[in-house]
1. Suppose all protein chains stay in the model; what accessible area per residue would a 1.4 Å probe give for region 30-96, in Å²?
2. How far apart, in nm, are two points set 7 Å out from the Cα along the Cα-to-Cβ line at ARG49 and at LYS63?
3. Using only the Cα atoms of region 3-66, build the gyration tensor, take square roots of its eigenvalues as a ≥ b ≥ c, and label the shape rounded, prolate or oblate: rounded if a/c is under 1.5, else prolate if a/b is larger than b/c, else oblate.
4. Could you tell me, in Å, what Rg and Dmax come out for the Cα atoms of region 51-101?
5. Give me the extension gain from GLU70 to GLU93: residue separation times 0.36 nm, minus the current Cα-Cα distance, reported in nm with one decimal.
6. Which entries of LYS63/LYS90; LYS29/LYS90; LYS29/LYS63 show an alpha-carbon separation above 21 angstrom in the structure shown?
7. Projected onto the charge dipole of region 51-104 (+1 at Lys/Arg Cβ, -1 at Asp/Glu Cβ, origin at the Cα centre), which of LEU98, ILE71, GLY53 gives the Cα projection farthest towards the positive end?
8. Where in region 49-93 is the amide nitrogen less than 20 Å from a point lying 7 Å along the Cα-to-Cβ axis of ALA100?
Amino acid sequence: ALAHSNRGVEWAAKGDLARAIADYDQAIKQDPTQAAAFHNRGIANASKRSFDGAIADFDEALKLNPHDAEIRFALGGLYETRNRLDLALKEYEAAGRLFALASYLWVAHFLCRSAVAGGRCRPATAGT
């Protein structure tokens, strides 16, 4: 499944969306739990202006990975193109919360690593 998904990315980068979608279809057929294949097929469908197909793909990707801010942001954009501003706003707000959380976690991670490196605290060990 991963080989088909990766080849789909390569086809999409070359602008051959039909081949990309065919490879994503195969990846999904082999492993229907692969959120990235649904996400990438959604991008390809959106590029072909097949917005309903793209929305369906992003919805499936979100069922598998509901905390993916990038998918939620893309879905918001698609809803906006379909003039479904209520749904667009919902997805943009969810994406914003997820992006903010990710930013906060990266800052916390950096501060913690800096404190350990500076000797201001020591890392936890298993069982403590």
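The values are calculated or read from the model by the stated rules, or taken from the named source; none is laboratory data. These numbers were taken from a predicted model, which means no experiment stands behind them. With ideal geometry, Cβ positions are generated from the backbone for all residues, glycine too; neighbour counts draw on all protein chains shown. Each accessible area value is taken on the protein alone, full model and side chains, heavy atoms only, with ligands, DNA and RNA left out. Shrake-Rupley method; radii C 1.70, N 1.55, O 1.52, S 1.80 Å.
1. Value returned for region 30-96: 53 Å² of accessible area per residue.
2. Going by the 7 Å Cα→Cβ label model, 2.9 nm.
3. oblate
4. So, for region 51-101, Rg and Dmax equal 10.0, 29 Å respectively.
5. Values: separation 23, 0.36 × 23 = 8.28 nm, distance 1.20 nm.
Answer, rounded to one decimal: 7.1 nm.
6. Table pairs above 21 Å Cα-Cα are LYS29/LYS90.
7. Projecting each Cα onto the dipole axis, the largest value belongs to LEU98.
8. 66-77, 86-93
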